[in-house]
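Following: one structure in C-alpha cells, then a few remarks.
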Amino acid sequence: MKNKWLLSIKNSLLSIQTYFKEPRTKMVWRRKSSEFMLKLLRTILLFGLCFVILFPTIQQISMALRAPEDVNNPAVVWIPQHFSVENIKIAMVVLDYWKALLNTFKMSFITMILQLLSTSLAGYAFSRLKFRGSNLLFIGVIITIVTPPQALSLAQFLYFRSLNLIGKEFSIYLMSALGMGIRSGIFIFIFRQFFRGLPKELEESAQLDGASVFRTFWNIMLPNARGAIVTVALFAFVWQWNDAYYVAIFDVSTAEFPLLTMQLINAAENVYNALFYTGGLDLIGQNVWENPLFLALISNVAALLMMLPLLIMYIFVQKQFVESIERTGIVG
C-alpha cells in the first residue's frame, strides 16, 4: 500500500514536470508571471502616491485631535497621547467659523453661477459666431491665462475704487459676470473647445425652426455641454473658495462679512482671543506667543476646517467630475 502511494506521488510529480516543460506552458506561465509583477508594481506605486498625497491631510487630522498639552511632547508623533477636540474649538473661534463658512459658500456659489453664464456665452461666441477680429479677441483671452494677476491688480483696484466698490462683495460678482473672474480665460477656452466638438446639425435644425442665436445657445447647445459645465462649475467654486488675492485687494472680508481665507491668514492674531474665550490659556499657559508650535498647530487645524467642506463635496461629485474631465479632454 505504501509503495502504491509513493508511486502515485512520483507519477504526479513527473506529470507536473512534463507539463511545465512544454513550450506552450512555459509561454503561458511567463505571461501570467509578468502580468502579476506588473499588477504588483502598479499597486505599490498607487499606494505610494496615495500616501504622499494624503500625508499632509492625515498629519493635520492627527494634530487636530491631540490635546494642547501634547504640543511640546516629542513622544507624540502620530497617535495623540490624550485625545481632545480643544484645538478644533479654538480654531473655530479663530476663524469665526460658521459665519465665515456661510459667507464663503455664498460668495463661491454666486461667483460660480456668474462664471458659468459669462464664460459659456463667450465660449459659444468664439466657437460658432465668426466675425472680423474674433481670432484676435480670442488671442487676447489666451493672453489673460498666462498673464499673472499681479500685473492687472493696480488697474482693477483703481477702476473699482472709482465705482466706489472697494470693500463690497459686489466687486467680485461684477468681475465674474463680465468674464473677468478668477481663471475666466481657462473657462472660456474649455467651453469654446467643447462647443466646437458638438455637431453643427444641432444648430442648423434649430435655425430652420426659427430659433434665434441666443435661444439656440440656451435651449440646444448649453444642455448638451454638461461635461464642460460640471468641470467649470467645480473649478470656479474651488478657486473662489480658496481665493485670498482678490479678496484682499478689494477688501471684501470685513468684521461684518468674514471670509475663511482672510480669517486663516489672520489666524495668528486671533489666537489669543480664541484661547481666552475657550479656556485654552489655562492649558497652554499665558506665554502662548512664545510657543510657535502651538500657533502652527492652530493654523493647521484652521486650514483643515477650511478645506473640510471641499473634501466632503468632492466625495459626492467625484464621479461626475472624472466623467466631465474625460469629455472636455483636459489633461495635465
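Which net charge results for the neighbourhood of residue 192, defined as the other residues with beta-carbon distances under 13 angstrom from its beta-carbon, given Lys and Arg at +1 and Asp and Glu at -1?
Residues near residue 192 contribute +3 overall.
Report the convex hull volume per residue for segment 89-328, counting only C-alpha atoms, in Å³.
Taking the convex hull of the Cα positions in segment 89-328, it is 154 Å³ per residue.
Using only Cα atoms, locate the centre of segment 149-190 and the centre of segment 291-314, then give the distance between them in Å, rounded to an integer.
28 Å
Once the other residues with Cβ under 12 Å from the Cβ of residue 79 are scored (Lys, Arg +1; Asp, Glu -1), what is the net sum?
0
Give the long-range amide H neighbours of residue 66: residues separated by 5 or more places, or on another chain, with amide H under 5 Å away, using H modelled in the peptide plane at 1.01 Å from N.
Sorted by chain and number, the residues that satisfy this are 84.
Which of the trypsin sites (Lys or Arg not before Pro) found in segment 52-160 are loop residues per DSSP with 12 or fewer other Cβ atoms within 10 Å of their Cβ? Spell out each step's value before the answer.
Details: sites: 66, 89, 99, 106, 128, 130, 132; in loops: 130, 132.
Passing sites in segment 52-160 are 130, 132.
So which of 39/319; 99/319; 130/168; 106/319 end up more than 32 Å apart, counting from Cα to Cα?
Violating the 32 Å Cα-Cα cut-off are 130/168.
Go through segment 68-114 and name the chymotrypsin sites (Phe, Trp or Tyr not before Pro) that are in a DSSP coil and have 12 or fewer other Cβ atoms within 10 Å of their Cβ.
The qualifying sites are 78.
Considering only the other residues whose Cβ falls under 15 Å of the Cβ of residue 144, what net charge follows from Lys and Arg at +1 and Asp and Glu at -1?
Values: positive: 183, 192; negative: none.
Result for the local shell: +2.
Going by C-beta contacts inside 10 Å, put 65, 129 in order with the fewest on the left.
Final ranking by Cβ density, sparse to dense: 129, 65.
Values in this text are rule-based calculations from the coordinates and carry no lab data. These numbers come from a predicted model, not from an experiment. When we count neighbours, we look across all protein chains shown, and the Cβ atoms used for this are built from the backbone with ideal geometry, even at glycine.
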